[in-house]
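To start, the structure itself, in C-alpha cells.
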Amino acid sequence: MGGFFGVVGQSDIVEDLFYGTDYHSHLGTKRGGLAVGNGKGIVRYIHNIENAQFRSKFGEDVGKLSGTRGIGVISDFEDQPLLIRSHLGNFSIATVGVIKNIDELVARAFKGKCLHFSEMRGGEINPTELVAAIIDQKDTFEDGIRHVGEMIKGSCSILILTEDGVLAARDRYGRTPVVLARKPGAFAVSLETCAFPNLGFEVDRFLGPGEIVRISPDGFETVVPPGDRLQICSFLWVYYGYPASDYEGINTENVRNRCGAFLARNDAVKVDLVAGIPDSGIGHGLGYASEARLPFRRPFVKYTPTWARSFMPQNQDVRDQVARMKLIPIREIIQGKRLLFCEDSIVRGTQLKDTIQRLYDFGAVEVHMRPACPPLAFGCKYLNFSRSRSELDLAARRAIAALEGPDYRDFAEYAKSGSAKYAAMVEWICRTLSLTTLRYQRLEDLVTAIGLPKEKLCTYCWDGVGTD
C-alpha cells in the first residue's frame with residue numbers, strides 16, 4: 001500500500017525524516033525515497049528496498065543531507081519522491097494510493113501534444129508523475145490537488161515539498177489516514193502514528209477526507225477544508241496497519257483483540273490451544289484466547305532477522321518459499337494437539353494451505369481457522385492491496401466459480417453471513433485448505449470491533465459496497 005512521512009522544523013529535520021519514513025517499512029513495498037529542502041534547492045535519494053532494510057540503504061545518504069523540511073516515502077512500485085519543475089515552482093512530490101483509470105488519464109493528457117512522461121518502470125508510467133502533471137494544469141497547488149481527486153478513480157493522498165514548507169493532502173474519501181503531529185520546533189505529517197512516539201512527536205489531529213494542510217515552521221494551516229464523506233479502509237485495522245498505530249484515534253492492536261474476542265463469542269469448538277499466524281494474526285489470536293479462556297501458544301515462530309514479508313516478491317514461487325522458510329514449527333507444541341489459529345484474512349489461500357499441511361505433518365490432530373474478517377470476494381478498487389490481475393485469484397471467488405461456474409456474477413447471497421450460499425462457499429474453502437473447521441468473522445462484528453459507523457468505513461472487499 002505504501003506510506004509517507006513529512007516534517008518541517010526550525011532546525012535540521014533529517015534525522016526525524018529518516019526514522020519517521022523508516023517506521024513505514026512494514027507496509028512491505030519495493031522502493032524508498034527521501035527529499036530534503038535546504039534553502040538552495042531540493043536534494044533527493046531513491047533506493048530499491050526489496051532485499052534490504054530502508055535504514056541500511058539510506059544510512060550513508062542521511063549524512064549527506066541537511067535541511068529544515070523534507071518528505072519521505074515507502075512506495076508500492078514506483079520511484080518516489082519525484083523532482084518537478086513547473087509553473088508552480090520547483091517541488092518534490094510523493095503519493096500513496098492507486099489510480100485505476102491511469103490509461104484513460106494518460107490518453108487525455110497526450111491529446112494536448114505538449115506533455116510527456118519520463119519516469120517509466122517496466123513499461124508503466126509512474127502514477128506519481130501523472131498526479132504531478134494533473135496538479136500542474138491548475139494555477140495553485142491547492143486547486144491542482146483538488147483536480148486530482150476529481151479526475152482519478154481509486155485514491156490518492158499526497159505530500160508536496162515546496163520552497164517554503166510541505167503540503168499534505170488526504171485522499172478525497174479518506175481511504176488512507178493522514179495524521180499531523182508536533183513537538184517543540186518541528187511539525188510532522190504521517191500515514192502511521194507509530195512513527196511519532198520515539199521521535200518525541202505528539203499527535204495533533206487527523207486530516208479529514210479531501211483536506212489539504214500547509215505545514216510551515218510556524219505550524220499547520222488548513223488551505224482546503226475537509227469533505228463530509230469518510231470511507232477509511234477497514235483492512236488497515238485487520239491487517240495492513242501496524243499494531244502500535246491509531247487511525248481516526250482508534251488503536252489497531254485493540255481492534256484486533258476485539259476482533260478475536262468476537263470470534264470466540266461466536267464459537268463453541270473444543271481445542272487445546274489458540275495461536276495466531278505470525279505476525280498479523282497474533283493480536284486477533286490473543287483476543288480470542290483471552291475471551292475463550294484458553295492458552296495462547298506459538299506453534300510457529302517467525303524467523304525475523306532475514307526473511308521478508310511473503311507478499312513482497314512478485315514471483316509466486318518465491319513468495320511461497322519465503323512464507324515457508326520464515327515460519328519455523330515447534331513439534332512439541334503441535335504434536336497431538338487440537339489447534340485453533342486466528343488469521344487476519346484468507347486472500348488466495350495458497351500459502352495458508354501449505355502452512356496447514358505442515359501442522360499435520362508435525363502431528364496436529366485438528367486444525368481450526370478463524371479469519372478476523374469476512375471472506376474477501378471483491379478485488380480492491382481503491383488501494384494497492386494486491387497485484388493480482390484477476391479476482392478469481394481470491395479463495396472466495398474460486399469457491400463461487402467451483403459451485404456456480406466461472407461466469408457467475410450474482411455475489412450478493414454469497415456475501416451474506418448465514419445464507420445457504422455463504423455456508424457452501426465457506427465449506428468449499430474449508431475442504432480445499434484441509435481444515436477441520438473454518439469460521440469467518442461476521443461483518444457486523446468487525447464494524448463493531450473497529451468502533452466507527454459502517455457508513456464511515458470502506459467494506460467493499462467483503463460486501464461490494466463502495467463509493468466512486
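Results, tabulated for the structure shown:
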item	result
Residue, surrounded by the fewest Cβ atoms within 10 Å (Cβ to Cβ), within region 217-270, restricted to residues that are among the small types (G, A, S) and more than 23 Å from L286 (Cα to Cα)	G219
V465 surrounded by fewer than 20 Cβ atoms within 10 Å (Cβ to Cβ), among the aliphatic types (A, V, I, L, M) and within 19 Å of the chain's Cα centre (by Cα)	no
Subset of region 183-192 [touching a residue at least 40 places away in the same chain (Cβ under 8 Å) and out of contact with any helix residue (DSSP H, G or I) (no Cβ under 7 Å at 6 or more places or on another chain)]	G185, F187, V189, L191, E192
Residue within region 356-372 that is within 32 Å of the chain's Cα centre (by Cα), in a loop (DSSP other than H, G, I, E, B) and modelled with pLDDT of 95 or more present	yes
Matching residues, region 438-453, being more than 19 Å from the chain's Cα centre (by Cα) and crowded, with 16+ Cβ neighbours inside 10 Å	L438, R439, Y440, Q441, R442, L443, D445
Contacts under 9 angstrom Cβ, first residue in region 352-364 being among the polar types (S, T, N, Q), partner assigned to a helix (DSSP H, G or I) and crowded, with 17+ Cβ neighbours inside 10 Å, 6 or more apart	T355/A323
Per-region count, region 137-162, residues surrounded by 18 or more Cβ atoms within 10 Å (Cβ to Cβ) and charged (D, E, K, R)	1
Filter result (touching a Leu at 6+ places or on another chain (Cβ under 8 Å), within 23 Å of R146 (Cα to Cα) and in contact (Cβ under 8 Å) with a residue 40 or more places away in the chain) within region 193-220	F206, I212, V213, R214, I215, F220
Selected residue [within 14 Å of G41 (Cα to Cα) and of a type in the set (S, T, N, Q)] from N90, N101	N90
Residue under evaluation R170, criteria (1) more than 17 Å from Q10 (Cα to Cα); (2) in contact with a helix residue (DSSP H, G or I) (Cβ under 8 Å, 6 or more places away or on another chain); (3) surrounded by 24 or more Cβ atoms within 10 Å (Cβ to Cβ), criterion not met	(2)
Residue check, R293 of a type in the set (K, R), in contact with a helix residue (DSSP H, G or I) (Cβ under 8 Å, 6 or more places away or on another chain) and surrounded by fewer than 23 Cβ atoms within 10 Å (Cβ to Cβ)	no
A424 of a type outside the set (F, W, Y) and more than 23 Å from the chain's Cα centre (by Cα)	yes
Condition check for A94: within 24 Å of E142 (Cα to Cα) and part of a helix (DSSP H, G or I)	no
Residue selected from region 302-337 under the condition among the hydroxyl-bearing types (S, T, Y) and at pLDDT below 70, by the criterion farthest from K30 (Cα to Cα)	T306
Verdict on A244 being of a type outside the set (S, T, Y) and over 22 Å from L191 (Cβ atoms)	no
Entirely in region 7-86, the strands (runs of 3 or more DSSP E) that have 1 or more residues that are of a type in the set (D, E, K, R) and buried (at least 18 other Cβ atoms within 10 Å of the Cβ)	31-37, 42-48, 69-75
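Okay, residues lined up against (1) in a strand (DSSP E or B); (2) free of Cβ contacts under 8 Å to residues at least 40 places away in the same chain; (3) over 30 Å from E15 (Cα atoms); (4) not charged (D, E, K, R):
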{"position": "A181", "(1), (2), (3), (4)": "yes, yes, no, yes"}
{"position": "T222", "(1), (2), (3), (4)": "yes, yes, no, yes"}
{"position": "G227", "(1), (2), (3), (4)": "no, no, yes, yes"}
{"position": "Y239", "(1), (2), (3), (4)": "no, no, no, yes"}
{"position": "A244", "(1), (2), (3), (4)": "no, no, no, yes"}
{"position": "E253", "(1), (2), (3), (4)": "no, yes, no, no"}
{"position": "V271", "(1), (2), (3), (4)": "no, no, yes, yes"}
{"position": "D279", "(1), (2), (3), (4)": "no, yes, no, no"}
{"position": "G285", "(1), (2), (3), (4)": "no, no, yes, yes"}
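The values are calculated or read from the model by the stated rules, or taken from the named source; none is laboratory data. Bear in mind the structure is a predicted one, so any value in this text is a computation, not a measurement. No Cβ is skipped: glycine too gets one built from the backbone with ideal geometry, and neighbour counts run over all protein chains shown.
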